[in-house]
Amino acid sequence: MSAERDTLYDVVIIGSGPGGYVAAIRAGQHGLKTAIVERSSKLGGTCLHRGCIPTKAMLHTASRLHEARHGDTIGVLTHDVRLDVARMHRYKDRVVAKNAQGIAYLMKKNRVAVVHGTGVIERPGRVGVSTTGDDILAHIARLREDRVAKPRHRPAPAESSPGAGAPPTRAQEAIPAQYLPTPGPRDERRPMSPMRRLIAEQMVWSKRISAHVATFLEVDMTRIVRLRQARKADFLRTNGVKLTYMPFIMQAAVSALRAFPACNASVDGDDVLYHKDIHIGLAVALEKGLIVPVVRHADEKSFLGLARAIQDLAARARSKKLLPGEVQGGTFSITNYETFGSLGGTPVINQPQVAILGIGAIEKRPWVVEGPDGDAIAIRHIMMLSLSYDHRLVDGATGSLFLDHVKRVLEAHDESMMG
Ligand SMILES: Cc1cc2nc3c(=O)[nH]c(=O)nc-3n(C[C@H](O)[C@H](O)[C@H](O)COP(=O)(O)OP(=O)(O)OC[C@H]3O[C@@H](n4cnc5c(N)ncnc54)[C@H](O)[C@@H]3O)c2cc1C
């Protein structure tokens with residue numbers, strides 16, 4: 001959306017009453033570039049300037065006056081209690097001014113741009129701001145004329161474009177009009193499912209706000225492949241949980257996150273929030289989309305605890321039985337390309353996190369191994385790892401060292417780490 005001098009914002013809010021400023025604060029706290037448009041010279045709306053705050057301040061005075069006048073009923077003798085209306089108004093103005101300062105401070109703190117003028121939604125995705133009001137009146141007149149000339153109808157397919165008639169999403173607003181597709185006669189237009197739309201929004205938004213960089217590394221998984229082969233039947237019988245590669249990888253990721261706290265953090269404006277707890281989101285592919293349930297406190301779980309949590313969350317994700325809280329609050333994510341045989345990928349960061357680990361397929365490969373008699377070529381089980389990270393916070397050295405840490409933990413894995 002835009003406001004004033006064609007500035008681009010994620011959110012433009014018209015009106016700075018409680019409805020507007022609370023929404024603006026929330027949007028700012030979520031890292032959205034936000035503007036609030038107010039036609040009055042003061043922020044705060046009816047509540048602050050005419051309603052709740054001034055009436056409460058005056059009621060405060062009235063209540064004290066009442067107590068003073070009736071103090072004798074409880075044994076407090078007061079004489080000549082009078083009301084000074086001018087002072088009462090000055091007190092009320094001070095209370096209002098203090099609250100107005102509070103709102104201005106909250107706008108600044110949450111990086112909400114304040115634009116003074118009358119706002120009007122010119123079209124979905126565009127807010128015009130007038131300081132005279134004349135162009136707004138002209139716009140309203142034009143809208144009225146249009147409405148009389150054209151009765152409401154559903155737009156013909158050729159006219160409609162993504163977002164037509166509906167507020168634009170963060171995914172759509174990035175597409176300039178000239179790049180929108182022109183439907184052919186055999187094309188079929190279908191609305192995105194809510195999940196598809198959400199994924200589209202999140203992905204475009206993430207690419208827009210994070211400086212994505214990816215780094216790759218190959219891991220020799222042979223020890224883990226053999227260990228899993230030897231233990232999987234017994235592990236399932238004893239614990240009722242399948243032994244997959246994921247708990248091994250999550251365990252290694254936890255170790256790397258402890259060693260590199262910058263990868264378990266979020267960017268908040270000019271600040272960095274370093275998360276003390278490690279909550280790992282796990283991308284689970286669904287028939288028609290993707291969901292990322294979160295293994296909470298992954299750093300406090302044993303190997304078996306991780307395996308159980310992963311199996312439980314993945315199963316409930318596929319049967320659509322996750323609770324809302326179980327897909328929130330992740331501090332890092334892992335996505336698995338292995339399931340579909342891909343060697344690797346460059347995943348999009350799951351906001352507001354700063355890094356995501358991608359796991360590729362484990363393949364048998366001829367591999368140079370160093371032995372006491374020199375180098376030899378052996379058949380080893382090799383897996384590609386990728387780390388997408390936000391270069392605003394994580395530099396190449398940290399990203400590479402993080403992956404190297406994961407590799408070392410995986411390659412040195414032995415049975416004692418499953419205890
Ligand atoms: C005397 C009185 C006492 C009240 N006491 C209480 C109370 O004790 N508790 C309570 O909960 N509620 C109280 N209310 C109600 C409360 O004030 C309102 O519910 C609240 O202000 C509504 O907030 P809002 O953000 O929706 O709208 P408003 O507070 O009315 O804010 C709207 C803002 O939008 C601006 N605006 C409008 N159109 C545009 C435009 N096109 N461009 C730019 N700016 C625009 C206006 O200038 C205004 O600042 C009281 C109301 C009154 C009148």
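The values are calculated or read from the model by the stated rules, or taken from the named source; none is laboratory data. No experiment lies behind these values; they were computed from the predicted model shown. Backbone-built Cβ (ideal geometry, glycine too); neighbour counts: all protein chains shown.
Note on the stretch 226-264: among residues that are more than 36 Å from the chain's Cα centre (by Cα) and of a type in the set (A, V, I, L, M, F, W, C), the one that is farthest from Ile379 (Cα to Cα) is Leu236.
For the stretch 229-247, which positions are in a helix (DSSP H, G or I) and surrounded by fewer than 17 Cβ atoms within 10 Å (Cβ to Cβ)? If the condition is that a residue be in a helix (DSSP H, G or I) and surrounded by fewer than 17 Cβ atoms within 10 Å (Cβ to Cβ), then Gln229, Ala230, Arg231, Lys232, Ala233, Asp234, Leu236, Arg237, Thr238, Asn239 are the ones that fit.
Among the strands (runs of 3 or more DSSP E) confined to the stretch 267-341, the ones with at least 2 residues that are under 16 Å from Gln351 (Cβ atoms) are located at 271-274, 280-282, 289-291, 332-336.
Tell me, which residue of the stretch 9-23 that is of a type in the set (Val, Ile, Thr) and crowded, with 18+ Cβ neighbours inside 10 Å is nearest to the ligand (Cβ to nearest atom)?
Of everything passing the filter in the stretch 9-23, Ile14 is nearest to the ligand (Cβ to nearest atom).
With a requirement of 1 or more residues that are away from the ligand (no atom under 16 Å from the Cβ) and modelled with pLDDT of 90 or more, the helices (runs of 4 or more DSSP H) lying completely within the stretch 24-132 that satisfy it span 85-109. Checking the stated criteria, Val295 turns out to be in contact with a strand residue (DSSP E or B) (Cβ under 9 Å, 6 or more places away or on another chain) and under 26 Å from Arg237 (Cβ atoms).
Before we move on, is Asp375 over 20 Å from Thr398 (Cα atoms), among the acidic types (Asp, Glu) and part of a strand (DSSP E or B)? Criteria met by Asp375.
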